[in-house]
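*Asks:* Here it is, the structure, as structure tokens.
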Amino acid sequence: MPILQYVKPIISALPRLTPTQVVNTRTGELLSWDEFKEESLASLLEWVHEETSRLYSEDREGVHEAARGLKFNSAEHARQAGFVADHMSLPRGIKAKSRLSRLVGYQLMSETAAYERNLNPLKQPHAFSRTINLGAVDHQMAHLERNENLLILTWKCWLAEYELTFLIPHYAQSRNVTKWSLPLVSSRGFIFTMQESPTQTQGNKTAGVDLGRVEPFTLAILSHGGLLEAEYRARPQVRATNAKRERILQEVTLTRAKASAYTSLGLDEAHLREQVRLKRNKASRIASALSGQIAADIVTKITRHDVSILHIENLKWAAGAKYGSKWTHGATGEKIEHSAARAGVRVKRVSARNTSQMCHACRAPITHQTATRTVRCSDCKSLLDRDVNAAMNIAKNQGAYVPLAGISGNAVGVNPGVPAIRSSVLVVTSDIGRPYGLPSLQ
């Protein structure tokens, strides 16, 4: 019977957009984006920034104390704490003067609260950005509506009221968006957030993912009876990104060792330390891109098989100074959760303990053969690919399935009643010559 599950709404942001059309609603004049910035937006951003900085400089301790107690709407919290912008001194022609105080209050409290949450002892002095969040105001100043593939923002901005039209990106047009939020505005554009309600998956299959450094991931998909239906590896693009990151991390290690040698010889190593910093930053950017690629690749593959539950290892502990530069599994897991939820697949984090140390079929201890990346079961004598075996153990976690008896030592997952994806091929070889078990499709 199909599994029906509740999938919580997803809140995500679009990339920064600029309006395709700006119209002055009073005169009907059509403006370009640059003309609109010069006429109204730049002045509004500058005034909000100056007022926020003024309130902060007048009572820094009071602002930080109020921000530490922030529990509800930032603009209302600022008003109740007594931090109110002097909007009455503005020229008479300015639109929605009383609402401008809410923009100032929101920025004052929200950015100070974010600064308080940053525990880095070396953080820079507090400064405010030149942005405004229209979510802090009411519909009298700004309101948003959707018309097919367009977002239309009506906004009383500084000297006039404008109607701004934005084209929704193609990838977001087909999503089941239940709510659009007013944007975060800067001189570079508008950032909209959307709330999605994904279509619920009605399958009865389970999948498990084993993340690694040499092999970015191994995915095992089990049928309702707990038999291996398919297994996958990362596509070539993901492997190339992973290899690039590993190469940069090796360069970081070598450069750091060279810098230490310079220090011991009394030579100036500052340029080498700077190289290490730049390479680490580059590796971090590549790691972020790699996490996104892995998540997208996994979700693409599990949706082919109507998977309803995806098990991933609970590796949130693999972070911080000890693991952060080399292990990105915690961040990758979060991106997998987000992408899978959008596809209507429920994600469960399971313990990684012993998943690489026991046979998926009989739960007996296994011995590793490092040269071939295979494992042999000490009980049923099966020869298994170690990553596939770990992924199957993850998929079967928490006693969801009874261990299968009687599986022979042939290719992993060749079981009666499970159709092969390529019936003419049961055992294939990877690009480095090791057994995969069932065929791995990209």
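Every number in this text was worked out from the coordinates using simple rules, so none of it is lab data. From a predicted model like this one, the values you see are computed outputs, not experimental measurements. Heads up, the Cβs are rebuilt from the backbone with ideal geometry, glycines too, and the neighbour counts pull from every protein chain shown.
*Asks:* I'd like the Karplus ³J(HN,Hα) series for region 154-170: coefficients 6.51, -1.76, 1.60, θ = phi - 60°, whole numbers in Hz, and an x wherever there's a Gly or Pro.
*Replies:* 9, 9, 7, 10, 6, 9, 8, 9, 10, 10, 10, 10, 10, 8, 5, x, 4
*Asks:* I need the peptides 111-121, 293-303, 359-369 ranked by packing, meaning the mean over residues of other C-beta atoms within 10 angstrom, with the highest value on top.
*Replies:* On the way: 111-121: 12.8, 293-303: 21.4, 359-369: 17.7.
So the peptides 111-121, 293-303, 359-369, ranked by packing, come out 293-303, 359-369, 111-121.
*Asks:* Once phi is turned into θ = phi - 60°, what whole-Hz ³J(HN,Hα) does the Karplus curve with 6.51, -1.76 and 1.60 give for every residue of region 288-305, x standing for Gly and Pro?
*Replies:* 5, 5, 4, 4, x, 5, 4, 4, 5, 5, 5, 5, 4, 6, 6, 6, 5, 10
*Asks:* A follow-up question, please. Give the peptides 38-50, 10-22, 261-273 in descending order of average Cβ contacts within 10 Å, highest first. Present the calculation step by step, with values, prior to reporting the outcome.
*Replies:* Values: 38-50: 17.5, 10-22: 15.2, 261-273: 12.1.
The peptides rank, most packed first, as 38-50, 10-22, 261-273.
*Asks:* Could you work out the relative contact order of region 204-289? I mean the mean sequence separation of Cα pairs under 8 Å and 6+ apart, divided by the number of residues, in percent.
*Replies:* 20 percent
*Asks:* Residue by residue through region 81-90, which ³J(HN,Hα) values in whole Hz follow from phi under the Karplus form 6.51 cos²θ - 1.76 cosθ + 1.60 (θ = phi - 60°), with glycine and proline marked x?
*Replies:* 7, x, 9, 10, 6, 8, 7, 6, 7, 6
*Asks:* Rank the residues Ile336, Ile309 as a footprinting-exposure proxy: fewest other Cβ atoms within 10 Å of their Cβ go first.
*Replies:* Details: Ile336 27, Ile309 22.
In order of increasing Cβ crowding within 10 Å: Ile309, Ile336.
*Asks:* So, how do all the Cα-to-Cα distances of region 206-399 break down into 5 Å bins, in percent, from 0 on up?
*Replies:* Cα pair-distance distribution for region 206-399, in percent: 1, 8, 15, 17, 17, 14, 10, 7, 5, 3, 2, 1, 0, 0.
*Asks:* Antiparallel as a % of all DSSP beta bridges within region 206-399, to the nearest 5? Don't jump to the answer; show the numbers that get you there.
*Replies:* Values: 19 of 28 bridges.
In region 206-399, approximately 70 percent of DSSP beta bridges are antiparallel ones.
*Asks:* Across bins of 5 angstrom width beginning at 0, how are the C-alpha pair distances of region 203-251 distributed, in whole percent?
*Replies:* Result, from short to long distances: 5, 20, 22, 16, 14, 9, 7, 4, 2, 0 percent.
*Asks:* As a quick test, which of the pairs Lys179/Lys205; Lys205/Lys348; Lys71/Lys95; Lys279/Lys335; Lys179/Lys301; Lys37/Lys156 have an alpha carbon distance above 20 angstrom in this structure?
*Replies:* Working: Lys179/Lys205 31 Å; Lys205/Lys348 14 Å; Lys71/Lys95 30 Å; Lys279/Lys335 24 Å; Lys179/Lys301 29 Å; Lys37/Lys156 14 Å.
Correct reply: Lys179/Lys205; Lys71/Lys95; Lys279/Lys335; Lys179/Lys301.
*Asks:* Once amide H atoms are placed 1.01 Å from N in the peptide plane, what residues at a sequence separation of 5 or more from Lys348, or on another chain, have their amide H within under 5 Å of its amide H?
*Replies:* So Lys348 has HN proximity to Leu310, His311, Ile312.
*Asks:* Let me ask something else. Would you work out if region 10-196 is rounded, prolate or oblate? Take a ≥ b ≥ c from the square roots of the eigenvalues of the alpha-carbon gyration tensor; rounded if a/c is under 1.5, else prolate when a/b is larger than b/c, oblate otherwise. Intermediate values should be presented prior to the final figure.
*Replies:* On the way: a/c = 2.04, a/b = 1.35, b/c = 1.51.
The shape class here is oblate.
*Asks:* So, in Å, what gap is there between the alpha-carbon centers of region 49-66 and region 292-313?
*Replies:* Result: 47 Å between the Cα centres.
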